[in-house]
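The values are calculated or read from the model by the stated rules, or taken from the named source; none is laboratory data. Everything numeric here is computed off the predicted structure, so don't read it as measured data. Every residue, glycine among them, receives a Cβ derived from its backbone with ideal geometry; neighbour counts consider all protein chains shown. Ligands, DNA and RNA are excluded from the accessible area calculation, which covers all protein heavy atoms including side chains. Shrake-Rupley method; radii C 1.70, N 1.55, O 1.52, S 1.80 Å.
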Amino acid sequence: MESDTVLVTGGAGFIGHHLTSALLSQGRKVRVLDDFSSGTQLPAHPLLTVIQGDMSESSVREEALHQIKSVINLAAIASVPLCESKPELSSQVNNLAAQELFKDAFRLGVSTIIQASTSALYGVPNELPLTEKSPTQPIGKYGLDKQKAEQSLLSYHQHPVCALRLFNVFGKGQKRGSPYSGVLTIFSDNISKKIPLKIFGDGTQSRDFIHINDVVSAFILCLEDLENNGIYSKVSGKKFNVCSGNSVTLLEIIESFSLFSNSEIEIIFESPREGDILHSLGSFEFLNNQIDWEPSENFIERIRELL
Ligand code: UD2
């Protein structure tokens, strides 16, 4: 009988926990491959198996890909500053291992692959909002490596594949206490511990924050469409922005947090982070047109949840 199992690489990370739990609740069998360099153990479930291993090793890929129907590749070094300080690691994980995974997957009979790509591919935007037609001109190692992986996957025209360009993903469950977490997690963690917030720059930089639940629903809708319609799926061979279509500045974020915090929020301004872009804002029209996906979350409510 044909396998129905989904392999989620990097499944022990922030997005992986949420995505795996959503797939399991749909009755899907899930196999997670993760090296646990930053991920955390997943709650046990009868439909879940976990392989601890390094995706760069061919024997590990071979084991993980055995009798798999579909792959969602989340395995990545997701922190922009960490990729700048460890460029070889970024090349290895974000690009080379991903390319090897795609190659082995199709050789071993996998039908469908979705790549977690990133808005960092766009680099410094010429105009906003960013659409999938905007030029890709990544300015850092993270964006460059992710661009290569995305191009590699989308070159498999004979297979149902797609790439989701995630903007700034936030929500409960992101690792706390790590300098490599997203800014909303760092800020909410510091506010609850009454530690001053550090702003790199003047706080007018803006981001398009997308809630984890919306990201999970984008992956699941694309997966279903690809599995049901193969290369005739409306998303096959394409890349999509996964964003909220709204941007907020760091100063606005702190103002929102202050609505829900009992104590004064202290801010320290530091010099801008190297390789940072100033503004990011995406359009989700393309994905919406293809499979009716749209972000559903109320930003202010979700900010309150973080604290
Ligand atoms: C996020 C993602 C990255 C990629 C990218 C897409 C994270 C950790 N990184 O990178 O994987 O998807 O979006 O464009 O989610 N900042 C402060 N103080 C802090 C921390 C951050 O001022 O304590 C600033 C930082 O300099 C930047 C902004 O907040 O201007 C957002 O930083 P981030 O690390 O949350 O996310 P970003 O956009 O670099």
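Annotations for the structure displayed:
- In the range 209-219, the residues that are surrounded by 19 or more Cβ atoms within 10 Å (Cβ to Cβ) and within 14 Å of Ile303 (Cα to Cα): Phe209, Ile210, His211, Ile212
- Tally of residues being open to solvent by less than 70 Å² (accessible area, probe 1.4 Å), assigned to a loop (DSSP other than H, G, I, E, B) and within 14 Å of the ligand (Cβ to nearest atom) across the range 56-102: 5
- Those residues of the range 1-24 which are over 14 Å from Phe219 (Cβ atoms) and more than 18 Å from the chain's Cα centre (by Cα), in sequence order: Met1, Glu2, Ser3, Asp4, Thr5
- Long-range neighbours under 6 Å by Cβ, at least six apart or interchain, first residue among the polar types (S, T, N, Q) within the range 164-188, second part of a strand (DSSP E or B) and open to solvent by 20 Å² or more (accessible area, probe 1.4 Å): Asn168/Arg207
- Unique residue being among the basic types (Lys, Arg) and free of Cβ contacts under 8 Å to residues at least 24 places away in the same chain when the list is Lys193, Lys234: Lys193
- Hits in the range 220-266 (condition: open to solvent by 40 Å² or more (accessible area, probe 1.4 Å), more than 13 Å from Ser188 (Cα to Cα) and among the hydrophobic types (A, V, I, L, M, F, W, C)): Leu221, Ile231, Leu251
- Hits in the range 131-148 (condition: surrounded by fewer than 17 Cβ atoms within 10 Å (Cβ to Cβ), touching a residue at least 60 places away in the same chain (Cβ under 8 Å) and not hydrophobic (A, V, I, L, M, F, W, C)): Thr131
- Verdict on Ser280 being of a type in the set (S, T, N, Q), touching a residue at least 60 places away in the same chain (Cβ under 8 Å) and in contact with a Leu (Cβ under 7 Å, 6 or more places away or on another chain): no
- Taken together, the criteria place Asp202 among residues that are acidic (Asp, Glu) and assigned by TED's automatic domain parsing to the domain that holds Arg302.
- Matching residues, the range 25-41, being open to solvent by 20 Å² or more (accessible area, probe 1.4 Å) and either outside any loop (DSSP other than H, G, I, E, B) or farther than 27 Å from Ser91 by Cα (or both): Ser25, Gln26, Gly27, Arg28, Lys29, Arg31
- Among residues of the range 160-177, those that are more than 9 Å from the ligand (Cβ to nearest atom) and either out of contact with any His (no Cβ under 7 Å at 6 or more places or on another chain) or more than 30 Å from Leu221 (Cα to Cα) (or both), counted: 9
- In the set Gln151, Gln115, only one residue is surrounded by 15 or more Cβ atoms within 10 Å (Cβ to Cβ), modelled with pLDDT of 95 or more and in a strand (DSSP E or B); that residue is Gln115.
- Candidates Phe240, Phe286, Phe260, filtered to the one that is over 30 Å from Ser3 (Cα atoms) and in contact with a Phe, Trp or Tyr (Cβ under 6 Å, 6 or more places away or on another chain): Phe286
- Qualifying residue in the range 119-130 (condition: open to solvent by 30 Å² or more (accessible area, probe 1.4 Å), over 19 Å from the mean Cα position of the chain (by Cα) and more than 14 Å from the ligand (Cβ to nearest atom)): yes
- Single condition Lys146 does not satisfy, out of (1) farther than 16 Å from Val248 by Cα; (2) within 10 Å of the ligand (Cβ to nearest atom); (3) assigned by TED's automatic domain parsing to the domain that holds Arg273; (4) out of contact with any Lys or Arg (no Cβ under 7 Å at 6 or more places or on another chain): (3)
- In the range 197-281, counting only strands (runs of 3 or more DSSP E) that sit wholly within it, the ones holding 3 or more residues that are within 15 Å of the ligand (Cβ to nearest atom) and within 20 Å of Leu164 (Cα to Cα) span 209-211, 238-242.
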